[in-house]
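The values are calculated or read from the model by the stated rules, or taken from the named source; none is laboratory data. Note that this is a predicted model, so its numbers are computed, not measured. No Cβ is skipped: glycine too gets one built from the backbone with ideal geometry, and neighbour counts run over all protein chains shown. SASA here: full protein model, heavy atoms, side chains in, ligands and nucleic acids out. Shrake-Rupley method; radii C 1.70, N 1.55, O 1.52, S 1.80 Å.
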Amino acid sequence: DRSLPDRMSSSLGMDRMTASFEGVLSDDGLLMPPPSSTHRAVPRVTSAPNALKNLMSYRPDKASPILNRKSYDRQDSTSPRLGRRSLTSLSTSNLNYSRQNSADNTEMTPPTSPTTYRRSTSREENVFSRLTSATSSKRESRPNTGVINPHAGRASQRSVLACTHVAQGHCKAVLSVFATDDLLFSASKDRTVKMWDLVRGQEIQSLGGHPNNVNCVRYCEAQHTCFSVSSSFIKVWDIRENPAKCTKTLSSAGLTSAGFTQVNTQSRTLQMPPGETLITDIAISTSTNILYSAAGNIVRIWDLRKHTAVGKLAGGHQAAVMCLAVDSTAPGQDVIATGSKDHYIKVFDVSASNSGLLNPRLNLDPPHYDGIQSLALYGDTLFSGSRDMCIKKWDLQRGEHVQSLNNAHKDWVCALCFTPGGQIVLSGCRAGMIKMWSVESCQLIGELRAHASPINAITTNSTCIFSASNEGDIRVWRPLVGVAAGRTFELSL
């Protein structure tokens, strides 16, 4: 029923479809022939077809909108991390990866690694150096010489002591201090003894060559000699020379040698020589020219005029003697007290003519509940501090226990010292506290947190108080006017 033109167009369409399939049909009647064994690489299309190009004819010079947004947000960098670095340590001149330059270069090379300066100053990559930059700069400014600097802090209204200066120079804990009116000596775990000028406020010289920690330091003003204790040796220094010269070395076994006993002192020596014992403390008597040294449970007597061992204190301590205290009751007569880890204290009378074995005059009782850590002797009054956090007062003339200050501190009582005149005794503990006690009544005059680490030693001269701790510095204190127990104390040295 269709018209002639419709039938002619339909026939023409079928002829065109048949002609189009003639090139596709195989001899077997399949639409697609089987793949051949030889594969040919697919050629890379270098550009879009002409038809697609015609569709994009309305913007021939513009790139993709995504690329436009990226180039707008990050014009000078290829990574958000590099963008952050450019604000701190990187300059924009080093980042040559903008799209304008990349259009000229077909291959973009990644940026090189940051330089050493950039790595050290970057806040993101080296946080530790940034946090410690202030302290490191101070140490580099004074690498070898210590300085006594004024203290910037203020004392509280209720404080009985005011810190005026801080001596800084040791790089490890300070274990012992000794002071005169002009000089200060400090011994440290850094294996050195530093001598300070209190008038000019600076370090004079440093005495090295010790095998291990310097546990104790003492000074004999009459002979101008300094005594430093390290391991099982006592070194005798003549400080009249600069640098000071080690003239003698005394050993725990009672032997004396000239100069240094060890040639190689560059490295720390932990092992004791055969037959030697760790020396824990020494004490010097100027009236008798005697040096007392404690090693193990033996206390030796040394004649400072000859630097030879002349006797021992035979007390029968069952453990190591940790501390000594000596005072002269008369010319040529010493009273020395020994405190041991066995919780007991013994008292000896020694004269300049004594030699050999000496027996104790007193065995003080009752003992402490733990080892003795510190002693302070003034005349016939003895104070003892222990690991049991208790301070005891003793009358040596009558040989009696006077009073116990239980829980005097909240930690070990590591340091005791009398002020000049013997009216006040100072105590320091491992918690960093310093307390002042009335010698007569044993009442607490005042206290303050002097250090943030354990206090190892306290000493005084005629005007100042010196405290040493694990922080590595020595603090200088001035007494103030304090109020305690309803009375006002004028604290003067």
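Details
- Number of the condition not met by S353 [criteria: (1) without any contact (Cβ under 8 Å) to a residue 24 or more places away in the chain; (2) buried (at least 22 other Cβ atoms within 10 Å of the Cβ)]: (2)
- Verdict on A431 being among the small types (G, A, S), touching a Ser or Thr at 6+ places or on another chain (Cβ under 7 Å) and within 26 Å of R478 (Cα to Cα): no
- Residue among G428, G421 that is small (G, A, S) and open to solvent by less than 10 Å² (accessible area, probe 1.4 Å): G428
- Answer residue from the stretch 187-221, given it is small (G, A, S) and in contact with a Leu (Cβ under 7 Å, 6 or more places away or on another chain) and is nearest to V174 (Cα to Cα) among those: S188
- The strands (runs of 3 or more DSSP E) falling completely within the stretch 379-472 that include 1 or more residues that are without any contact (Cβ under 8 Å) to a residue 12 or more places away in the chain map to 400-405.
- Any strands (runs of 3 or more DSSP E) falling wholly within the stretch 184-295 and containing at least 1 residues that are buried (at least 22 other Cβ atoms within 10 Å of the Cβ): 193-197, 202-207, 214-220, 225-230, 233-238, 245-251, 279-285, 290-295
- Residue that is of a type in the set (A, V, I, L, M), within 24 Å of K194 (Cα to Cα) and either open to solvent by 10 Å² or more (accessible area, probe 1.4 Å) or out of contact with any Pro (no Cβ under 6 Å at 6 or more places or on another chain) (or both), where the choices are A408, A452: A452
- Scanning the stretch 298-339 for residues that are buried (at least 22 other Cβ atoms within 10 Å of the Cβ) and either at positive phi or among the polar types (S, T, N, Q) (or both) returns a single hit, T338.
- Considering residues of the stretch 363-405 that are of a type in the set (S, T, Y) and closer than 21 Å to R430 by Cα only, the residue surrounded by the fewest Cβ atoms within 10 Å (Cβ to Cβ): Y369
- Residue match in the stretch 435-448 (condition: in contact with a Ser or Thr (Cβ under 6 Å, 6 or more places away or on another chain) and either at pLDDT 95 or above or open to solvent by 60 Å² or more (accessible area, probe 1.4 Å) (or both)): yes
- Residue in the stretch 110-121 that is within 16 Å of the chain's Cα centre (by Cα), modelled with pLDDT under 95 and part of a helix (DSSP H, G or I) present: no
- Considering the stretch 170-200, the residues that are in contact (Cβ under 8 Å) with a residue 60 or more places away in the chain and of a type in the set (G, A, S) include one that is nearest to S469 (Cα to Cα), namely A173.
So that you can scan it fast, the table gives a plain yes or no per residue for (1) touching a Cys at 6+ places or on another chain (Cβ under 9 Å); (2) closer than 30 Å to S353 by Cα:
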{"residue": "E203", "(1), (2)": "no, no"}
{"residue": "I239", "(1), (2)": "yes, yes"}
{"residue": "L250", "(1), (2)": "no, yes"}
{"residue": "G259", "(1), (2)": "yes, yes"}
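- Residues in the stretch 156-175 that are assigned to a strand (DSSP E or B) and either open to solvent by 10 Å² or more (accessible area, probe 1.4 Å) or basic (K, R) (or both): A162, C163, T164, H165, V166, Q168, L175.
- Residues (assigned to a loop (DSSP other than H, G, I, E, B) and under 22 Å from R387 (Cβ atoms)) located in the stretch 296-329: G296, N297, G315, G316, H317, Q318, A319, A320
- Residue match in the stretch 403-417 (condition: aromatic (F, W, Y) and farther than 24 Å from N213 by Cβ): no
- The condition of being of a type in the set (K, R), out of contact with any Phe, Trp or Tyr (no Cβ under 6 Å at 6 or more places or on another chain) and farther than 18 Å from F227 by Cβ does not hold for K306.
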